[in-house]
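Here's the structure we're looking at; comments come further down.
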Amino acid sequence: MTMKANKKYILAALLIILISCSFVSANSQYNDVQNHWASAHIINLSTAGTISGYPDGSFGPDNAITVAEFNVLALKAMDVSYGSAPSGQPWYMGSINESISRSIIRQGEFGDYNRSINRGEMARIIVCSMGQSPTSGNTSFSDNGSIPASVRGYVKRASDLGIISGYPDGSFGASRNATRAEASVMIAKMVDLGGTPPPAVVPEVGKKTTSLSDADIQRLQAYPFPWGKGALFLDFYEVDEHNRIGWTNRVNGEFRHLYEYIPLVSAETVFRDPVGSTGLRGIAQKQENGKWYEADATFYIEDILTTEGRVIRRPHPTEIHSQWREVQ
């Protein structure tokens with residue numbers, strides 16, 4: 001063997017070793033994906049920084065994935081940047097607000113962004129994130145009739161694009177909770193196909209809500225109540241002649257108005273839990289820098305019976321379920 005040929009052999013051997021070491025390093029990044037059917041996609045996305053695992057070194061491929069988590073992945077797949085969550089709101093609201101502004105997620109579509117996302121909902125976010133439109137007609141899945149009409153066109157489109165597939169029995173399982181592994185495979189395929197996400201639209205300034213429409217009520221009724229959250233001890237609330245609730249807090253000896261609130265019905269009759277606490281769904285309103293803003297919200301008032309037999313009403317922290325929108 002000549003010296004030149006020997007050098008080529010050595011370089012080839014080194015290249016094989018480097019590739020092998022790289023694969024082993026990526027594959028050993030998580031302690032629970034080595035033999036998983038989605039391991040290749042999980043490793044590729046993790047290497048690219050699109051997804052990450054848990055502090056204990058696991059990835060949890062068969063764990064459920066939440067609406068908020070999948071929305072973040074979809075934005076990353078389409079290289080869409082988003083801002084941080086507004087002060088006082090959950091970590092994911094920055095990405096949620098971005099998706100709402102691009103019509104990837106509809107305002108009020110999800111009552112709880114922390115719940116598990118199902119496969120049908122995931123298909124809709126995928127198609128919308130890529131700037132695609134739903135396809136009319138039936139899908140090829142055996143449970144086509146069970147796929148909700150609201151997502152069927154998106155399931156068909158995502159299937160036609162080769163992003164989603166069904167189970168061995170030919171069904172799609174639109175209502176089944178999606179797993180982190182399934183999400184990883186779909187996100188990886190989105191990255192490979194690419195797409196043009198819809199542009200962000202600056203919302204028009206609407207009119208300040210003075211009464212709830214049927215559409216408002218239908219949207220608000222989907223939001224869960226934050227039972228059991230720690231109490232925020234405000235001083236009192238009152239209902240004005242327009243059925244709005246004004247919350248106040250004592251600051252430096254003075255009462256400060258926080259914001260107005262429009263409940264679905266009378267504050268004294270709306271949604272009581274088994275222990276007598278009152279839950280409210282409605283539209284919160286606040287004023288900042290001379291401008292008014294509204295957002296969908298829920299909170300509840302806890303009735304506490306003291307040892308003296310008195311009832312103390314303690315309002316709990318407000319849960320904001322949408323981005324604040326400017327009104328006038």
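Return the pair list, or none, for Cβ contacts closer than 8 Å from residues in the range 164-175 that are of a type in the set (D, E, K, R) to residues that are exposed (fewer than 15 other Cβ atoms within 10 Å of the Cβ) and part of a loop (DSSP other than H, G, I, E, B), at least 6 apart or on different chains.
If the second residue must be exposed (fewer than 15 other Cβ atoms within 10 Å of the Cβ) and part of a loop (DSSP other than H, G, I, E, B), the pairs left are Asp169/Ser142.
Identify the residue in the range 46-90 that is charged (D, E, K, R) and in a loop (DSSP other than H, G, I, E, B) and, among all such residues, is nearest to Asp112 (Cα to Cα).
Asp62
Which of the residues spanning the range 54-64 are out of contact with any Asp or Glu (no Cβ under 8 Å at 6 or more places or on another chain) and under 24 Å from Ser99 (Cβ atoms)?
Once the filter is applied, which keeps residues that are out of contact with any Asp or Glu (no Cβ under 8 Å at 6 or more places or on another chain) and under 24 Å from Ser99 (Cβ atoms), the range 54-64 yields Asn63, Ala64.
I need a count of the residues in the range 195-216 that are assigned to a loop (DSSP other than H, G, I, E, B) and in contact (Cβ under 8 Å) with a residue 60 or more places away in the chain.
14
Could you check the range 195-220 and list, in sequence order, the residues that are farther than 21 Å from Val67 by Cβ and either among the basic types (Lys, Arg) or buried (at least 16 other Cβ atoms within 10 Å of the Cβ) (or both)?
Residues satisfying the conditions are Lys207, Lys208, Thr209, Leu212, Asp216.
Of the numbered conditions (1) exposed (fewer than 15 other Cβ atoms within 10 Å of the Cβ); (2) modelled with pLDDT of 90 or more; (3) closer than 20 Å to Ser322 by Cβ; (4) not hydroxyl-bearing (Ser, Thr, Tyr), Ile104 satisfies every one except a single condition; which is it?
Exception for Ile104: condition (1).
Do you know which residues across the range 91-129 are part of a helix (DSSP H, G or I), among the β-branched types (Val, Ile, Thr) and either more than 20 Å from Pro198 (Cα to Cα) or in contact with a helix residue (DSSP H, G or I) (Cβ under 9 Å, 6 or more places away or on another chain) (or both)?
Applying the first criterion (part of a helix (DSSP H, G or I)) to the range 91-129 yields 93-101, 119-129.
Filter once more, keeping what is among the β-branched types (Val, Ile, Thr): 96, 100, 125-127.
Residues satisfying the conditions are Ile96, Ile125, Ile126, Val127.
Confirm whether Ser46 is surrounded by fewer than 18 Cβ atoms within 10 Å (Cβ to Cβ) and without any contact (Cβ under 8 Å) to a residue 60 or more places away in the chain.
no
Scan the range 27-76 for residues that are in contact with a Pro (Cβ under 9 Å, 6 or more places away or on another chain) and acidic (Asp, Glu) and jot them down.
Asp32
Results for (1) of a type in the set (S, T, N, Q); (2) under 16 Å from the mean Cα position of the chain (by Cα); (3) closer than 20 Å to Ala178 by Cβ, shown as yes or no for each residue.
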| residue | (1), (2), (3) |
| --- | --- |
| Thr66 | yes, yes, yes |
| Gly88 | no, no, no |
| Trp91 | no, yes, no |
| Ile96 | no, yes, yes |
| Ile100 | no, yes, no |
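Is it fair to say Ala158 is under 27 Å from Ser52 (Cα atoms), in contact with an Asp or Glu (Cβ under 9 Å, 6 or more places away or on another chain) and not in a loop (DSSP other than H, G, I, E, B)?
Spelling it out, it is not the case that Ala158 is under 27 Å from Ser52 (Cα atoms), in contact with an Asp or Glu (Cβ under 9 Å, 6 or more places away or on another chain) and not in a loop (DSSP other than H, G, I, E, B).
List the number of the failed condition for Ser142; all other conditions in (1) closer than 29 Å to Glu98 by Cβ; (2) hydroxyl-bearing (Ser, Thr, Tyr); (3) in a loop (DSSP other than H, G, I, E, B); (4) touching a Gly at 6+ places or on another chain (Cβ under 8 Å) hold.
(1)
Based on this model, can you work out whether Tyr30 counts as at pLDDT 90 or above, touching an Asp or Glu at 6+ places or on another chain (Cβ under 6 Å), hydroxyl-bearing (Ser, Thr, Tyr) and on the phi < 0 side of the Ramachandran plot? Show your work before the answer.
Values: at pLDDT 90 or above: yes; touching an Asp or Glu at 6+ places or on another chain (Cβ under 6 Å): no; hydroxyl-bearing (Ser, Thr, Tyr): yes; on the phi < 0 side of the Ramachandran plot: yes.
Taking the combined requirement at face value, the residue does not satisfy it.
Could you list, in sequence order, all residues of the range 140-169 that are buried (at least 23 other Cβ atoms within 10 Å of the Cβ) and hydroxyl-bearing (Ser, Thr, Tyr)?
Hit for the range 140-169 is Tyr154, nothing else.
Quick check, is Gln132 surrounded by 18 or more Cβ atoms within 10 Å (Cβ to Cβ), polar (S, T, N, Q) and not in a helix (DSSP H, G or I)?
Yes: the conditions hold for Gln132.
Which of the residues spanning the range 180-194 are crowded, with 16+ Cβ neighbours inside 10 Å and either hydroxyl-bearing (Ser, Thr, Tyr) or part of a loop (DSSP other than H, G, I, E, B) (or both)?
Ser184
The values are calculated or read from the model by the stated rules, or taken from the named source; none is laboratory data. Computed from a predicted model, the values in this text were never measured in an experiment. Please note: Cβ atoms are built from the backbone with ideal geometry, for glycine as well, and neighbour counts cover all protein chains shown.
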